[in-house]
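**Q** First the structure, which I've put down as structure tokens, then a few questions once you've had a look.
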Amino acid sequence: MFLRVPLFYWVVFFLYPLLAIVGLSFLSEGQLDFTAFQRIISRAYYRERLLFTFGQAALSTLLTLLLALPAAQVMATYDFRGKTVLLALATLPFVLPTVVVAAAFKALLGDLGLVNRWLMHVLPLTEHPLPFERSLALILVTHVFYNYAIALHILSGYWRTQSMRVEEAARSLGCSPWRLWLQVRLPLLRPALFSAAALIFVFCFTSFGVVLLLGDVQHATLEVAIYRQVNIDLPTAAALSLTQSGLLFLLVWLHSRWSQADLHTPALQSSTSRTRPPQNTLEKIWLRTHVAIATVLVGAPLLALGWRSLSHAAGPLTPEHYINLTQIHQGSLLFVSPLTTIANSLRFALITTCFAVILGTMAAYWLAQRRKKRRRFPHLQHALFMMPLTTSAVTLGFGFTVVFASASTPEWFRALRGSVILIPILHTLVAFPFVLRCVYPALKAIAPSLREAAATLGAAPAQRWFRLELPLLSHGLFIGAIFAFVLSLGEFGASIFVIRPQQPTLPIAIFRLLSQPQPANFGMALALSVILLAICAAAFASLNLLRNSAPGEIRW
Amino acid sequence: MNAQLPAPFFQASGIVLHYGETVALQGSECSLERGQILCLLGPSGCGKTSLLRVIAGLERPAAGQLTLQGQNLLPVPTHQRGIGLMFQDFALFPHLNVAENVRFGLKMADLTRREQEKRTAEALTQVGMSAFAKRDVAHLSGGEKQRVALARSLAPQPKLLLLDEPLGSLDANTREQLVVEIRHLIHAAGLAAIYVTHDRGEAFAIADQIAVMNAGKILQTDEPARLYRAPRSPFVARFFGQENILAVLTQEGDRARTELGTFKVRGQPNHLLIHTDGVETSLIPSNRAIAGLIRSSTYRGNHYELRSVHHDTVVKHALAAHHTRAPQVGETVYIRIDPACVIPLADDG
């Protein structure tokens, strides 16, 4: 009974808001009502949003794969100095909060960005020459930055399982380098390409923070449209959200089908390690080009972010933006000093981590117990718990808005609105499945004989848990806790719907500051982004320390 | 049971255990004294591990009684029974090193740190693993793991030690060496132990008493030599490699008639066992010998194992190899049966 708490949590905070969205989309004063959907279909604006959402996702996916495909070949084929560092660096974007990434690209290519300021200084000009801000190009580049690492990992990982012999055989049969790509490499890679493409498409399809910060009214995805509709027309927003969720569900389903069908077909295993140093000048140039692209793509925005947070454009370095963070500015969009938002975020993240660790562990035990008793639908509950992960953050946050706005909502739920734990509750929806994912395999791996051995050695049930199970789960728990912490720190899409103005989190503060054109606000936003980035990077670095130590178990 | 006798050190009686629909134990009984090693021997799936788990408190029997030093064990939870259990897969804790594994039970007993360290060191010395104290258990060989597991279960000085096929996962050479060591260690510690195995060679080497189990029941408990010499039922006889089991056709007084002749017996047995060791074999005819034709001949090193047909009955017997030529299939062979090796058998369970 006790272990069912995660299920109740899931029903109350995930299912109920989701059903509230469905209700709001189809019902008006208790009657079936399709006007919200009719509005969506009839208005050109919404049709354009749908097209834009698909279009930008498709373009982002295509660009990412075009860049990542040769890089994956380089990673899977060659040995070179700094490869490990480069791979680690390329993974970094994946764990960065969306607002930090958006801020980094504004710092690099925006109107106030490093490149524009530098060109103005050198040429010299009075206006910024590159009109990237609020353009599709900036959104696309940012998406490429985000998903490059995912594509690289999936493709080069799959590539390594392919036998070198096949390529050698093709070459011995007279295959030229171009035909080798077209007739051997690409066909062999097709399953991995499909899987990576589907995954990247899903991520770009649900892109919210990046598009909200870098786009405008014309450059807005469905998610941004939902956000903009909330204060204007709630039923339309609900219908949009439902449409978006339906499409997303379809995409996720397609992705899981593709990746299951093809990625697991046994590839030809290479007998020896296939990486080698580049052998001739051409290979060296090819290798260096892609190392340079990867380094610039990942490094430039982050360096620009750091540099611009410490400078006024092209001037000398100054800590002014960081000093500004300690003050409450007159007429500021934030009601508090920006530093307070760091404290808010850390507090929310810590509470989220506690919630997620407790709920995730309980869910893992509950699932393990049901499995042992051979209950029906062993995978169903698991899949249910994972659903918040495949639901867009905007839908999660919007669901709460709808519930709060509904007259039939129970009083205790409404009371959450002013509560400190509202944000952690929302973040936990996404964070606890992560903990579950980390803890459940570790729990299943504990052989029953270990518990029995501890019992026969005199350990009481509580001692068995503390001295045996907890140490064996600790690895997974720690990884899950770090994930929960970082997820909560960077969470933006759901929080923005329910956050109280006087208690902004770091990402919300960055968003508000970035939305203002004044250079002072811009500088503070960048400084806050650097701080958020540093906290996230430090949390993930702690995982790397752990990876090689300790016996046991979870490798990730 | 005679009320005058003192109660045995450990006793299990009438143990019944179900796993869902399957009956794992149906009224198993066994007992042993302090300092004795009892071996539960039987084919796999006969319920010997289940009986061990009931004794350890890891399974709750549907019926039966368990007493240790006169105390009823059934209501006592596993961790308070003071019964050590050594698992077939060793169940070493992967997050602890060798010494920490051995120390686990001592910690649970709330001994002082000094006492814990002393007894851990002693236990490791006993099994010859002192040099491995700080080693990660994942890096041990099978034999080493087995020693650590033994040290771990010995260290808290349990009243009763249970060993569940402790050599099952080791290779034959390591097994032969360790079985002698285990017997020595258990006796040196003055422990009562129950040892589960399906290997009769292992059982002979280690046990003071062997209980042969089949289908959830203990069929016969005896000293190893008596069990081998005088099994009481066809199952036990066959389990120890005996094949010459004859049905009793008719019985008049103490004379029982079988296909192979009439033998003097005690009681009213349904079957007679002609023990292989009691069949004298010769290729030369002699007085009162029964002639037969050899059906198969297998060279076994110091003897030929023969199966020959006498009066429509197949008899298994041995011909010492050192003073004869190889017997041929189809050849005539002569056997004489030692009346002392004709053993009456009751029906199985």
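**Q** About its Cα centre, what dipole magnitude does region A:45-313 give when the only charges are +1 on Lys and Arg Cβ and -1 on Asp and Glu Cβ, stated in debye to the nearest 20?
**A** Working: 20 positive and 12 negative charges, 162 e Å.
It works out to roughly 780 debye.
**Q** Take each of the peptides B:157-164, A:442-449, B:104-111, average the number of other beta-carbon atoms within 10 Å over its residues, and list them starting from the highest. Kindly include the intermediate steps, with their values, before the conclusion.
**A** On the way: B:157-164: 21.8, A:442-449: 15.6, B:104-111: 19.6.
Most protected by this proxy first, the peptides run B:157-164, B:104-111, A:442-449.
**Q** Taking 7 Å along the Cα-to-C-beta vector as the label spot, tell me the B:Ala62-B:Glu259 distance in nanometres, rounded to one decimal.
**A** Taking the two extended label points, one gets 3.9 nm.
**Q** Next question. Name the residue from A:Phe434, A:Ser28, A:Thr243 whose Cα lies farthest towards the positive end of the charge dipole of chain A, charges +1 on Cβ of Lys and Arg and -1 on Cβ of Asp and Glu.
**A** A:Phe434
**Q** Sticking with this structure for a sec: Kindly provide the helix-only [θ] at 222 nm of the protein assembly as shown, computed as the sum of -39,500 (n - 2.57) over DSSP H runs of four or more divided by all residues, to the nearest 500 deg cm²/dmol?
**A** When only DSSP H runs of four or more count, the value is -16500 deg cm²/dmol.
**Q** Right, next: Quick one: if you take sqrt(5λ) for each eigenvalue of the C-alpha gyration tensor of region A:45-313, what semi-axes come out, biggest first, whole angstrom? Before the final figure, lay out the partial values.
**A** Values: eigenvalues 255, 144, 39 Å².
The equivalent ellipsoid of region A:45-313 has semi-axes of 36, 27, 14 Å.
**Q** Now for a separate question. Report the calculated FRET efficiency for A:Ile328 and A:Arg500 (r = Cβ-Cβ distance, R0 = 22 Å), to the nearest 0.05.
**A** With R0 = 22 Å, the Cβ-Cβ based efficiency is 0.85.
**Q** Among DSSP beta bridges lying fully in the protein assembly as shown, give the percent that are antiparallel, nearest 5.
**A** Working: 60 of 79 bridges.
Looking only at bridges with both residues in the protein assembly as shown, the antiparallel portion is about 75 percent.
**Q** Follow-up question, since we're still on this one. By count of other Cβ within 10 Å, fewest leading, how are A:Ser515, A:Ser345 ordered? Could you put the intermediate results ahead of the total?
**A** On the way: A:Ser515 12, A:Ser345 27.
If I rank by nearby Cβ atoms, fewest first, I get A:Ser515, A:Ser345.
**Q** Treating only the Cβ of Lys, Arg, Asp and Glu as charged (+1, +1, -1, -1), what charge dipole size does chain B show about its Cα centre? Round to the nearest 20 debye. Show your work: numbers first, answer last.
**A** Details: 36 positive and 34 negative charges, 95 e Å.
Taking the Cα centre of chain B as origin, the dipole is about 460 debye.
**Q** Please give the average number of partner chain Cβ atoms lying within 10 Å of the Cβ of each residue in A:439-448, rounded to a whole number.
**A** Partner-chain Cβ atoms within 10 Å, mean over residues of A:439-448: 1.
**Q** Using the Cβ atoms and a cut-off under 13 Å, what net charge is assigned to the surroundings of A:Ile499, where Lys and Arg are +1 and Asp and Glu are -1? Can you show the working numbers first?
**A** Numbers: positive: A:Arg417, A:Arg500, A:Arg512; negative: A:Glu491.
Result for the local shell: +2.
**Q** Contact order normalised by length for chain A, with contacts defined as Cα pairs under 8 Å and 6 or more residues apart; what percent is it? Let's see the in-between values first.
**A** Numbers: 727 pairs, mean separation 121.9, N = 556.
It rounds to 22 percent for chain A.
**Q** Right, another one. Return the whole-Å distance between the Cα centroid of region A:464-520 and the Cα centroid of region B:310-340.
**A** Between the Cα centre of region A:464-520 and that of region B:310-340, the gap is 85 Å.
**Q** For region A:404-556, what is the convex hull (Cα atoms) projected area averaged across all directions, in square nanometres?
**A** Projected over every direction and averaged, the Cα hull of region A:404-556 covers 13.1 nm².
**Q** What whole-number distance in Å separates the alpha-carbon centres of region A:154-220 and region A:93-130?
**A** Computed from Cα coordinates, the inter-centre distance equals 29 Å.
**Q** Turning to a different aspect of this structure: Could you work out the mean count of beta carbons from other protein chains within 10 Å of each residue's beta carbon in A:457-469? Mind showing how you got there, number by number?
**A** Values: counts 20, 16, 6, 5, 3, 0, 4, 3, 0, 0, 6, 5, 0.
Per residue, the average neighbour count from other chains is 5.
**Q** Same structure, new question: Between A:Ala137 and A:Ile232, what is 0.36 nm times their sequence separation minus the Cα-Cα distance? Round to one decimal in nm. Mind dumping the intermediate values first?
**A** Numbers: separation 95, 0.36 × 95 = 34.20 nm, distance 2.92 nm.
Additional length available on full extension: 31.3 nm.
**Q** Can you give the % of DSSP beta bridges in chain B that are antiparallel, to the nearest 5?
**A** Working: 57 of 75 bridges.
So the antiparallel bridges amount to about 75 percent of the total.
**Q** Right, next: How would you rank A:Val394, B:Val180, B:Val333, going from fewest to most other Cβ atoms within 10 Å of each one's own Cβ? Mind showing how you got there, number by number?
**A** Details: A:Val394 30, B:Val180 11, B:Val333 26.
Lowest count first: B:Val180, B:Val333, A:Val394.
**Q** Considering chain B as a Gaussian network with a 10 Å cut-off on Cα pairs, which listed residue, B:Ala203, B:Ala133, B:Ala24, attains the greatest mean-square fluctuation?
**A** Its mean-square fluctuation being the largest, the pick is B:Ala133.
**Q** Multiply the residue gap between A:Trp118 and A:Leu546 by 0.36 nm, knock off their C-alpha separation, and tell me the result in nm, one decimal place.
**A** On the way: separation 428, 0.36 × 428 = 154.08 nm, distance 4.17 nm.
Contour length minus Cα-Cα distance gives 149.9 nm.
**Q** Calculate the tail of P(r) for chain B: the fraction of all Cα-Cα distances greater than 34 Å, expressed in %. Could the numbers behind the result be given before it?
**A** Details: 23838 of 60726 pairs.
Roughly 39 percent, rounded to a whole number.
**Q** Within the P(r) computed for region B:244-345, what percentage of the Cα pairs occupies the region above 15 Å?
**A** Numbers: 3115 of 5151 pairs.
I get 60 percent for the Cα pairs in region B:244-345 exceeding 15 Å.
**Q** As a footprinting exposure proxy, order A:Val439, A:Val486, A:Val5 by other Cβ within 10 Å, with the fewest listed first.
**A** Values: A:Val439 28, A:Val486 24, A:Val5 14.
The most exposed by this proxy come first: A:Val5, A:Val486, A:Val439.
**Q** Given labels modelled 7 Å from the Cα in the Cβ direction, how far is it in nm from B:Asn287 to A:Ala88?
**A** Those two pseudo-labels are separated by 9.6 nm.
**Q** Going toward the positive end of the dipole of chain B, with +1 on Lys and Arg Cβ and -1 on Asp and Glu Cβ, which of B:Pro269, B:Ile37, B:Thr332 do you reach last?
**A** Among B:Pro269, B:Ile37, B:Thr332, the one farthest towards the positive end of the dipole of chain B is B:Ile37.
**Q** Let me ask another. For region B:179-314, would you read off the P(r) tail past 19 Å as a percentage of all alpha carbon pairs? Spell out each step's value before the answer.
**A** On the way: 5754 of 9180 pairs.
So the pairs more than 19 Å apart make up 63 percent of the total in region B:179-314.
**Q** Over what distance in Å are the Cα centres of region B:53-100 and region A:279-301 separated?
**A** 63
**Q** What net charge do the residues around B:His79 carry, taking every other residue with its C-beta under 13 Å from that of B:His79, with Lys and Arg at +1 and Asp and Glu at -1? Write down the numbers at each step before the final one.
**A** Details: positive: A:Arg451, A:Arg464, A:Arg467, B:Arg81, B:Lys107; negative: A:Glu452, B:Asp110.
So the surrounding residues net to +3.
**Q** Using the Cα centre of region B:10-238 as origin and beta-carbon charges of +1 (Lys, Arg) and -1 (Asp, Glu), tell me which of B:Ile206, B:Gln80, B:Val196 is placed farthest towards the positive end of the dipole.
**A** Sorting the options by dipole projection puts first B:Gln80.
**Q** Please report, in whole Å, how far the alpha carbons of the protein assembly as shown spread along each principal axis, starting with the longest.
**A** For the protein assembly as shown, the Cα extents along the three principal axes come out at 130, 74, 64 Å.
**Q** Give me the dipole magnitude in Debye, nearest 20, for chain A about the Cα centre, with unit charges on the beta carbon: positive for Lys and Arg, negative for Asp and Glu. Don't skip to the end; give the middle numbers.
**A** Working: 42 positive and 20 negative charges, 347 e Å.
It comes to approximately 1660 debye.
**Q** A further question follows. Within 10 Å of each Cβ in B:144-155, how many Cβ atoms from other chains are there, averaged over the peptide?
**A** On the way: counts 0, 0, 0, 0, 0, 1, 0, 0, 3, 3, 0, 1.
Per-residue shielding by partner chains comes out at 1.
**Q** To continue, here is another question. Go ahead and run the numbers for FRET between A:Leu15 and A:Glu320, Cβ-Cβ distance against an R0 of 41 Å, rounding to 0.05.
**A** Details: r = 49 Å, r/R0 = 1.18.
Approximately 0.25, to the nearest 0.05.
Read-outs throughout are calculated quantities, based only on the coordinates presented, and are distinct from any laboratory measurement. Treat the numbers as computed from the prediction; the structure is a model and nothing was measured. Note that we place each Cβ from the backbone using ideal geometry, even for glycine, and neighbour counts take in every protein chain shown.
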